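A.B. asks: Structure in structure tokens, see below.
The values are calculated or read from the model by the stated rules, or taken from the named source; none is laboratory data. The model shown is predicted, which means the values in this text are computed figures rather than measured ones. For neighbour counting, all protein chains shown are included, and Cβ atoms are generated from backbone atoms with ideal geometry for every residue, glycine included. Ligands, DNA and RNA are stripped out before the accessible areas are found, and what is left, the full protein with its side chains, is counted by its heavy atoms. Shrake-Rupley method; radii C 1.70, N 1.55, O 1.52, S 1.80 Å.
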Amino acid sequence: METLANPSFVDLILRWGHVVFGIIWLGHLYFFNLVNVPFQGGLDKELKPKVNPALLLRAFWWFRWGAMYTFLFGLTLFLYDYIHLHQLTDATTGQMTGRSMWILWAMLLGGIMWFNVWFVIWPRQKLILGGMAAGTPHPDAAKLAATAGKASRFNTYVSGPMLFGMLGAQHLGAMSAPALIVTIILGVGFWFGMIKRSFKVKTTV
Ligand code: HEM
């Protein structure tokens, strides 16, 4: 019988799609936060309308559709593995399993990140980059960029604990308050360090 411990080829295909699109999404998120933020700080104002729409509208296309497909594959994986195969609770105790708790936590964080991409970051970038490309910069561009930037930073920090949860479903066993706190500190701390480092990366060889 197919269970989470004895998965099928359908399960593998869903996981593969989920992880590939997850890499596309988070790869671009990290490009924006680790490369583009420091780069924009040193880019001449006159060059921005030439460089940014052409570069960033491409990057945002991969970013937002990566997020959408990661979410759709992830949701399908959840519905297939946990609901269709009845793996949300332990068959004997009827209690929610550690694996279920970790994945629900990770899905909550991933869901918030997906919401930020589609309803906070992209609508604002569309106005900023669209205005720039048309030669009519949006009057509130700075305010829009600040809000989008905060949501993007938030997503970067949250991606740390989120990935601990995604992987933790299979590898962390039971969920406990200490395990949750340690994975939050490690995940957020890692990205805090990476962001600090991003401003010190040399652009000389
Ligand atoms: C956007 C919302 C997301 C949802 C709803 C979601 C859902 C899921 C589900 C249901 C699983 C299966 C858990 C299990 O095996 O017990 C999973 C696993 C996983 N997810 Fe997500 N996920 C999301 C975002 C992400 C993102 C952004 C990444 C980044 C790459 C990611 C990476 C992974 C990885 C690596 C696994 C483990 C695959 C394996 O070990 O076979 N997920 N996810």
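A.B. asks: Find, among the trypsin sites (Lys or Arg not before Pro) in the range 61-162, those assigned to loop by DSSP (not H, G, I, E, B) with at most 11 other beta-carbon atoms within 10 angstrom.
C.D. replies: Details: sites: R64, R99, R124, K126, K143, K150, R153; in loops: none.
Hits after loop and neighbour filter: nothing returned.
A.B. asks: Multiplying the sequence separation of Q40 and F199 by 0.36 nm and subtracting their Cα-Cα distance, what value in nm do you get?
C.D. replies: 56.1 nm
A.B. asks: Would you mind counting up the charge near A174? Only other residues with Cβ under 13 Å from its Cβ, with Lys and Arg at +1 and Asp and Glu at -1.
C.D. replies: It works out to a net charge of 0.
A.B. asks: Nothing charged except the Cβ atoms of Lys and Arg (+1) and of Asp and Glu (-1): what's the magnitude of the dipole of the range 9-198 about its Cα centre? Round to the nearest 20 debye.
C.D. replies: Roughly 660 debye, rounded to the nearest 20.
A.B. asks: Which listed residue (L180, P123, W105) has the Cα farthest towards the positive end of the charge dipole for the range 91-205, taking +1 on Lys and Arg C-beta and -1 on Asp and Glu C-beta about the Cα centre?
C.D. replies: P123
A.B. asks: List, largest first, the extents of the alpha carbons of the chain along their principal axes, each in whole Å.
C.D. replies: 66, 34, 31
A.B. asks: I would also like to ask the following. Between K126 and V19, what is the label-point separation in nm under the 7 Å Cα-to-beta-carbon projection?
C.D. replies: The answer from the label model is 3.3 nm.
A.B. asks: Using 0.36 nm per residue, how much length does the chain from D140 to A174 gain when fully extended, once their Cα-Cα distance is taken away?
C.D. replies: Separation in residues times 0.36 nm, less the Cα-Cα distance, equals 7.5 nm.
A.B. asks: Which of H18, V205, Q170 sits closest to the plus end of the dipole of the chain, meaning its Cα is farthest towards the positive end, when Lys and Arg get +1 and Asp and Glu get -1 on the C-beta?
C.D. replies: My answer, from the dipole projection, is V205.
A.B. asks: Shifting gears a bit: For Cα pairs less than 8 Å apart in space and 6+ apart in sequence, what is the mean separation divided by the residue count of the range 37-178, i.e. the relative contact order in percent?
C.D. replies: About 32 percent, as a whole number.
A.B. asks: Ok, one more. Using θ = phi - 60° and the Karplus curve 6.51 cos²θ - 1.76 cosθ + 1.60, what whole-Hz ³J(HN,Hα) does each residue of the range 157-170 get, with Gly and Pro shown as x?
C.D. replies: Those phi angles translate into 4, 5, 4, x, x, 4, 5, 4, x, 4, 7, x, 3, 8 Hz.
A.B. asks: Could you pull the accessible area for F39 with a 1.4 Å probe, rounded to 10 Å²?
C.D. replies: 90 Å²
A.B. asks: Quick one: putting +1 on the C-beta of Lys and Arg, -1 on the C-beta of Asp and Glu, what dipole do you get for the range 1-90 around its Cα centre, in Debye to the nearest 20?
C.D. replies: Roughly 580 debye for the range 1-90.
A.B. asks: Using a Gaussian network model of the chain with C-alpha springs under 10 Å, which one of L75, L57, L47 is most mobile by mean-square fluctuation?
C.D. replies: L47
A.B. asks: What is the Cα centroid distance between the range 113-144 and the range 15-67, reported in whole angstrom?
C.D. replies: Each part's Cα centre sits 14 Å from the other's.
A.B. asks: Among I128, I103, I13, which one moves the most in a GNM of the chain with springs linking Cα atoms closer than 10 Å?
C.D. replies: Fluctuation is largest for I13.
A.B. asks: What's the tally of Lys pairs in the range 9-198 whose alpha-carbon atoms lie under 23 angstrom apart, where the two lysines are 8 or more places apart or on different chains?
C.D. replies: Value for the range 9-198: 11.
A.B. asks: OK, next. With everything on Cα atoms, drop me the angle between helix 9-30 and the longest principal axis of the chain, reported from 0 to 90° to the nearest 10.
C.D. replies: 30 degrees
A.B. asks: Taking the full set of protein chains and a 1.4 angstrom probe, give the accessible area of D11 in square angstrom, rounded to the nearest 10.
C.D. replies: 10 Å²
A.B. asks: Let me cross-check M166: its accessible surface, 1.4 Å probe, with only protein heavy atoms counted, in Å² to the nearest 10?
C.D. replies: 50 Å²
A.B. asks: Hey, another quick one. So how much slack lies between F9 and L75, counting 0.36 nm per residue of separation and subtracting their Cα-Cα distance, in nm?
C.D. replies: 22.0 nm
A.B. asks: Between W118 and Q95, how high is the FRET efficiency from 1/(1 + (r/R0)^6) when r is the Cβ-Cβ distance and R₀ = 35 Å? Nearest 0.05.
C.D. replies: Details: r = 35 Å, r/R0 = 0.99.
The value I calculate is 0.50.
A.B. asks: W118: net charge of surrounding residues, Cβ under 13 Å, Lys/Arg +1, Asp/Glu -1, itself excluded?
C.D. replies: So the environment of W118 carries a net charge of +3.
A.B. asks: As a test of reading the structure, rank W16, W114, W62, W102 by solvent-accessible area (1.4 Å probe, protein chains only), most first.
C.D. replies: Descending order: W16, W62, W114, W102.
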